[in-house]
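Q: Here it is: the structure, laid out below.
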Amino acid sequence: MSETATQLYLISPLDVSGEFPQRLERALAAGKGIVTAFQFRVKGLDQHEAAGLAEPLQAICAAHDVAFIVNDSVALAKRIKADGVHLGQDDGDPVEAREELGRDAQIGVTCHASRHFAMEAGEAGADYVAFGAFFESSTKDKGDAERPDAGILEWWSTLFEIPCVAIGGITPENCVPVIEAGADFLAVSGAVWNGDEIAAVEAFAKVIAQTEINETEGARP
């Protein structure tokens, strides 16, 4: 982790062809020190095609010292030697993923609004747990009906050392409560890729920095 308490975890749009590598480069350059992870999230492609799309993005992340995480597929993560994998509740076991990817792999687990899922993931050796969707989201499935409140982040960060990720409809305008509750990472997709990626990353960085200043000042006697 960087010295910034809350960091950005960018999630790719489903279409990463065309100009997307250039957009990723701009976003990571704008987010130096605040963007520390990128999730490669594509659907419906065979592994060979997905690996081809991942290659230039993985190189860009490596150049910026940003972790490259594959969504759902342990096999793809292993094939391309990704930094880690993110598992949904139906995408595999963290213990088995660790066996496949090695001890240095970063393994994250979706926990929705479930404290039980999160504790299970932690016991299974996950490197981070993800809670959400906190807000209306086009990235998180509509099936994720149970929406957590920020209290789950506060509960987790108070009791456990494993980092927690807040995901789902997070924007610069609504992210303050989840930052204040203790989110180590804000996982964001549409808020960055649906507009100007540089402006969006800079807006997140500004809000994060200001929130941390306010918290520091509020903690003074």
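Values quoted throughout were computed directly from the atomic coordinates according to the rules given, and no laboratory measurement underlies them. Just so we're clear, the structure is a prediction, and the values are computed from it rather than from any experiment. Don't worry about glycine lacking a Cβ; one is built from the backbone with ideal geometry, like all the others, and counts go over all protein chains shown.
Q: Starting from the Cα of Lys43, draw a straight line to each of the aspartates and glutamates and keep only those under 19 Å, dropping any in the same chain fewer than 8 residues away.
A: Asp15, Glu19, Glu55, Asp72, Asp90, Asp91, Asp141, Asp144
Q: Got a sec? How would Thr211, Thr6 order by Cβ neighbour count within 10 Å, fewest to most? Mind dumping the intermediate values first?
A: Working: Thr211 18, Thr6 23.
With the fewest neighbours first, Thr211, Thr6 line up as Thr211, Thr6.
Q: If you don't mind, there's one more thing I want to ask. Of the residues Ala63, Ala181, Ala27, which exhibits the maximal mean-square fluctuation in a Gaussian network model of the chain defined by a 10 Å Cα contact cut-off?
A: Maximum among the listed residues: Ala63.
Q: For labels at His116 and Ala29 in the simple 7 Å Cα→Cβ model, what's the distance in nm?
A: So the two model labels end up 4.9 nm from each other.
Q: Can I ask one more? Given the options His64, His116, His86, state which has the largest fluctuation in a GNM of the chain using a 10 Å cut-off (strictly under) for Cα springs.
A: Result for the chain, Cα springs under 10 Å: His116 fluctuates most.
Q: How big is D for region 1-95, in µm² s⁻¹ as a whole number, if Stokes-Einstein is applied with the Kirkwood radius of its Cα pairs at 10 °C and 1.306 mPa s? Each step should come with its number before you reach the end.
A: Values: Rh = 13.6 Å.
Value of D from the Cα-based Kirkwood radius: 116 µm²/s.
Q: Can you tell me which aspartates and glutamates have their Cα less than 19 Å from the Cα of Lys32? Leave out same-chain residues fewer than eight positions away.
A: Lys32 reaches Glu3, Asp65, Asp83, Asp184, Asp196, Glu197, Glu202, Glu212.
Q: Would you tally the net charge around Ala62, using a Cβ to Cβ cut-off of less than 14 Å, leaving Ala62 out, and scoring K and R as +1, D and E as -1? Walk me through the numbers before you get to the answer.
A: On the way: positive: Lys81; negative: Glu25, Glu55, Asp65, Asp83.
Residues close to Ala62 contribute a combined charge of -3.
Q: Given a Förster radius of 25 Å and the C-beta distance between Ala63 and Phe160 as r, what FRET efficiency does 1/(1 + (r/R0)^6) yield to the nearest 0.05?
A: Numbers: r = 32 Å, r/R0 = 1.30.
E(calc), rounded to 0.05, equals 0.15.
Q: Based on Cα positions only, what radius of gyration and what Dmax would you give for region 123-215, in angstroms?
A: 13.3, 39
Q: Let me know the volume per residue of the alpha-carbon convex hull for the chain, in Å³. Please report the intermediate quantities before stating the final value.
A: Details: hull volume 25.7 nm³, N = 221.
For the chain, the hull spanned by Cα atoms encloses 116 Å³ per residue.
Q: Moving to a separate point now. Could you give the length gained by full extension between Glu19 and Glu49, i.e. 0.36 nm per residue of separation minus their alpha carbon distance, to one decimal place?
A: Values: separation 30, 0.36 × 30 = 10.80 nm, distance 1.70 nm.
Extra length from Glu19 to Glu49 when fully extended: 9.1 nm.
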